[in-house]
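Notes follow the structure.
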Amino acid sequence: MKLKPRLPRGGKRFYLLCSLVITALLVIPVAAVLADIASITNQIATSGDGTVAPGTPGQAQIVVLPTNSTPSGDPNGCDSTGSSPATATLTASGTNASAISIPNPSVSVTGCGTPFAIPYTVKSGAADGPATLTVTLTGGRTGSQWTNNPSTFSITVKTPAPQDSTPPTVTPNVVGTLGEDGWYTSDVAVSWNTTDDESPITSSSGCDMSVVTTDTDDSGKTFTCSATSAGGTTTKSVTIYRDAAAPTTDPADDVNDTTWRNTPLEQDFTASDPTPGSGLANSADANFTLQAASESEDAQTPSTDSKTISDVAGNSVTRTLSAFIDLTNPTISGAAAPAANSYGWNNGDVSVTYTCDDALSGVASCSSPTTLSSDGANQSAQGTATDNAGNTDSATVSDINIDKTKPTVSVNGFTDGKQFTLADTLPTATCDASDSLSGLASTPSPVKTADTRTSSTNNTGKVTYKCEATDKAGNTASDTKSFYVVYKFDGFRQPVDNPGTGATPVYNQTKAGQAIPIKFSLFGNKGLSIVDPNPPKLTQVTCPKQMSLDAIEETSASSNSGLTYDATADQYNYVWKTASTYAGKCYMIDIKLNDGTSHQAYFNFTK
Ligand SMILES: [Ca+2]
Ligand SMILES: [Ca+2]
Ligand SMILES: [Ca+2]
Ligand SMILES: [Ca+2]
């Protein structure tokens, strides 16, 4: 059987048959201990209840027990130490207090767990009657809160009766912290009360106070006390079960993973109770698995799983597994810059930058900006975000249209630099434009940018048109062409021959010193200020070895050089008076008109 602690009892009458017999009745208010185990602080166990005959010595047996709990203010462990000793003082009170003699009432206490004694003597010839013996503990470690202090027990002085027909009463007293199922989870003190109302106890064995300080198996540790009086012998046993060690696990510690992950964390454990001991309360706890799988609440709070393993005595250990779990992909968004124009096009490089965020484990990487620099429609760029748990997501920015290429454009309707005479129908300028990528933003129209005819009396001059095209990306190209409006001029007339189209020009041959009429028509009288400079420029040229010659059939009688207009023939006549020094030489005359045109004729002079 397993023994439960008892309530203290009042004094019991007994006779002391041997002066050295130690009565052993615990007087601790154990009910308070049971009611609130945590309040036990350095509890004092005293014993000595019993019946004593006059003229015999006795002892108050005392033990101070350490406590493992720490209520407010009391230091943990043993409160009476070598450096902070406590003092135990034994005093007598009650009706028969004068019967008690205590030669050395105070004892210094410097430890816990070892019983010690304060002797007293019942005076010879003392009257029968009860007396209360009180042990008071003072001093000790600072803040000590002694439980059961003072501790009292009672004795009854009784003159021995002449006969006794009943054996003594033997009662065990057990003090300790009781756990589950009869197991103690602290050191346990076992003491005994031996009483006999009829005659003194003459002998006893196994009745000293004992302290159990090591764990037991489920056979426990058994203590037996026998007491003998004139009425016979009584033997009682008590078995103590002690388990103060919590179960252990393998792995021995909690598992705390502080690295972010996106998968569950699992750990298998085995559990056992150290032997000797009470064993696991639930044998199924010998193997268990902790798993954290749910997403962590925030970056400071890991996901956890835990299990508490208890032994039969009620000692327990709790294992916890924790992990930081992020199951949510990061966010990423991309943005293109510069923005496209109203047509949706860019005409330069486009940079795509990415913005990444992750609310739980945080962003581990975010794609660097991408630069798109090639022409093309519907281009795209993709970026990726990764969080610290390895979750990823990507974003694509599409519909990026780049056109850096200018459109093609030309002024049509005439070729650049083409000449038209005053008699011609002038061309109509048009624009021809196209853009192969983004397309034209609008159809260009020709713009006349210059017209020098407005400053000319004869309406000759240069007319310039410009076409400018812009594509939808904003690239601009232009083309400018000009045509000239000149006099209608159909060549020199007789007697001067024109240069012709041969490899060498036709040379007009005449005698040096003649006046040569150079005739041409501009189809209408354009005035006499049409030649510039006047006289025309004359340049000597090298006579070819083989010249195509044509004789000047007519010379002028006039000796004056100059320009005249003949309305009847509608032609101009410029009389060129040559010098006799021209003999044997060749010349080119260049008649430059004020419409910008030049007309040449070649001459070979003879003597
Ligand atoms: Ca008896
Ligand atoms: Ca245990
Ligand atoms: Ca995340
Ligand atoms: Ca273009």
Positive-end residue, the chain charge dipole about Cα centroid, Cβ charges, pick of Gly461, Leu437, Ser154: Gly461
Convert each backbone phi in the range 330-347 into a coupling constant with the Karplus relation 6.51 cos²θ - 1.76 cosθ + 1.60 (shift: θ = phi - 60°), then list the ³J(HN,Hα) values in order as whole Hz, x for Gly and Pro. x, 9, 9, 9, x, 9, 9, 9, x, 5, 5, 7, 5, 8, x, 10, 10, 10
Contour minus Cα-Cα distance for Thr392 and Asp268 (0.36 nm per residue): 41.6 nm
Got the relative contact order for the range 408-486 handy, in percent, Cα pairs under 8 Å and 6 or more residues apart? 38
What distance in nm separates the two pseudo spin-label positions at Ser306 and Thr91, each 7 Å out from Cα along the beta-carbon direction? 4.9
For the peptides 220-228, 374-382, what is the packing order when you average, over each peptide's residues, the other Cβ atoms within 10 Å and list the highest mean first? 220-228, 374-382
Of every Cα-Cα pair in the range 406-525, the percent that sits beyond 19 Å: 63
Note down the nm distance, to one decimal, between modelled labels 7 Å out along Cα→Cβ at Lys511 and at Asp208. 18.0
Quick one: length gained pulling Thr355 to Thr428 fully straight, 0.36 nm per residue minus the C-alpha distance? 20.6 nm
How much net charge surrounds Gly413 when only the other residues with a Cβ under 14 Å from the Cβ of Gly413 are counted, with Lys and Arg +1 and Asp and Glu -1? 0
Given the options Ala515, Met547, Ser342, identify the residue whose Cα lies farthest towards the positive end of the charge dipole of the chain (+1 on Cβ of Lys, Arg; -1 on Cβ of Asp, Glu). Ala515
When N counts the residues of the range 334-401, how does its alpha-carbon radius of gyration compare numerically with 2.2 N^0.38 Å, as a ratio? 1.26
Eigenvalues of the alpha-carbon gyration tensor of the range 309-446, times 5 and square-rooted, give semi-axes in Å, largest first, of 69, 9, 8
Which of the three applies to the range 540-607, rounded, prolate or oblate, going by the alpha-carbon gyration tensor with a ≥ b ≥ c and a/c under 1.5 meaning rounded? prolate
Two-decimal Rg to Rh for the range 461-551 - Kirkwood Rh, Cα set: 1.21
Taking the range 268-361 and dividing mean pair separation by its residue count, relative contact order in percent (alpha carbons under 8 Å, at least six apart): 22
Could you run the Karplus curve 6.51 cos²θ - 1.76 cosθ + 1.60 with θ = phi - 60° over the range 180-185 and give me ³J(HN,Hα) per residue in whole Hz, x for Gly and Pro? 8, 6, x, 8, 8, 10
For a test of the definition: using alpha carbon positions, the gyration tensor, and the 1.5 limit on a/c, classify the range 102-224 as rounded, prolate or oblate. oblate
Can you tell me the order of 167-178, 342-353, 472-483 when each peptide is scored by its average per-residue count of other Cβ atoms within 10 angstrom, highest first? 167-178, 472-483, 342-353
Relative contact order (%) - the chain, alpha-carbon pairs under 8 angstrom, separation at least six: 8
Specify, per residue and in Å³, the volume enclosed by the convex hull of the alpha carbon atoms belonging to the range 167-260. 105
Which FRET efficiency value, to the nearest 0.05, is calculated for Thr568 and Ser436 with the Förster distance at 60 angstrom and r the Cβ-Cβ distance? 0.45
Run the quick spin-label model on Thr449 and Ser380: label points 7 Å from Cα toward the beta carbon, then report their separation in nm to one decimal. 4.3
Counting only Cα, what are the radius of gyration and maximum Cα-Cα distance Dmax of the range 453-607, in Å? 20.2, 74
Between the residues Asn534, Thr581, Leu593, the Cα farthest towards the positive end of the dipole of the range 529-605, that dipole coming from +1 and -1 charges on the beta-carbon of Lys, Arg, Asp and Glu, is from Thr581
Within the range 378-405, what residues put their amide N at less than 18 Å from the label point 7 Å along the Cα-to-Cβ vector of Ala335? 381-385, 395-400
For a protection proxy built on the mean count of beta-carbon atoms within 10 angstrom, sort 323-329, 548-554, 151-157 highest first, please. 151-157, 323-329, 548-554
For the pair Tyr343 and Leu549, what calculated FRET efficiency results from E = 1/(1 + (r/R0)^6), where r is the Cβ-Cβ distance and R0 = 45 Å, to the nearest 0.05? 0.05
Taking every pair of Cα atoms in the chain, average 1/r, invert it to obtain the Kirkwood radius, and report Rg/Rh to two decimals. 1.78
Please report the net charge: other residues with Cβ closer than 14 Å to the Cβ of Ile332, K and R +1, D and E -1. -4
Around Ser272: net Lys/Arg minus Asp/Glu count, Cβ-Cβ under 12 Å: -4
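Bear in mind that the values in this text are calculations on the coordinates, not laboratory data. The shown structure was predicted, so the numbers you read here are calculated from the model rather than taken from an experiment. Backbone-built Cβ (ideal geometry, glycine too); neighbour counts: all protein chains shown.
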